[in-house]
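So the structure is just underneath, and the comments pick up after that.
The values are calculated or read from the model by the stated rules, or taken from the named source; none is laboratory data. Here the structure is a predicted model, which is why all the values come from computation and not from measurement. Positions of Cβ are generated from backbone atoms using ideal geometry, with glycine treated the same way; all protein chains shown enter the neighbour counts.
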Amino acid sequence: MQVSRRVWNKYIGALRKVNDRAAAEMTAFLNARDWMNNYAVRQECVNFGYALATKYGEAAGELACEMYDAIAATARRVIPPAEPAATATYSETAKSVIGTMKTGNTETVAGSVGRLVKMAGVDTTMQNAIRDRAEWAWIPSGDSCAFCEVLASQGWLPASKAQMDGDHAEHIHANCDCTFAIRFDESTDVAGYEPEKYRELYDNAEGNSSQAKINSIRRENYAKNKEEINEQKRSAYAKRQELNSSRAEEGSA
């Protein structure tokens, strides 16, 4: 059995839509407030971020359950229905939102909320896979970062808490469509997933440790996409400058 690229991309697209919606609502909330210099407003941002992480985290968890159950049904595996993982706690949300506020970057703060939403979906897949003794693999999607490519190079592995930090996936980051797929036997695969290609990339990277190899791959990726990355940075900087100027004009009015 093979999960077609169309089915996988539809799943990834649905997850991305949920994450992007949470980040967009957080961005709009931040842009309407002077959150950098007002403690009370910063607290409002944490509260709003928590509401978004809960609402959209639940949606991400449900999507992960649907995909998990669909694969189990196709594999004719008789198991209990997948259960959604808990969404981010208030303290986890506060730590993430306040921590990224130090950057002064609205998109970074909003991205931290999107990350919490994604985490709920990935946690759902991981926790159910461990419960059912399934296998998983990290499936890259889009412009994967070096870390995701290295994870993908590991191929299919028995589901284990070793890849979790407590109850959470330990390597989730914002602005990333990569995620886990699961299977119950070797006859299942995801179309287009080629762990051998990523293993070759890892083996040929410079360095004598995993971190050194990740850094080497990261440098190569940056060299390939340097202009696009720099354009994104310039665009983000221009947006921050425009927002700061608008706030300064409002303050002097």
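Residue-by-condition table, conditions (1) in contact with a Phe, Trp or Tyr (Cβ under 9 Å, 6 or more places away or on another chain); (2) more than 13 Å from Ser112 (Cβ to Cβ); (3) not assigned by TED's automatic domain parsing to the domain that holds Thr125:
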site: Tyr11; (1), (2), (3): no, yes, no
site: Ala24; (1), (2), (3): no, yes, no
site: Ala32; (1), (2), (3): no, yes, no
site: Tyr39; (1), (2), (3): no, yes, no
site: Asn47; (1), (2), (3): yes, yes, no
site: Leu52; (1), (2), (3): yes, no, no
site: Lys55; (1), (2), (3): no, yes, no
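Return yes or no: is Arg42 of a type in the set (D, E, K, R), in a helix (DSSP H, G or I) and at pLDDT below 95?
Here the answer is yes, as Arg42 does meet what is asked.
Out of segment 208-217, which residues are surrounded by 13 or more Cβ atoms within 10 Å (Cβ to Cβ) and either under 17 Å from Trp138 (Cβ atoms) or not hydroxyl-bearing (Ser, Thr, Tyr) (or both)? Please lay out each step first, then the result.
Let us first name the residues in segment 208-217 that are surrounded by 13 or more Cβ atoms within 10 Å (Cβ to Cβ), namely 213-217.
Hits for segment 208-217 are Lys213, Ile214, Asn215, Ile217.
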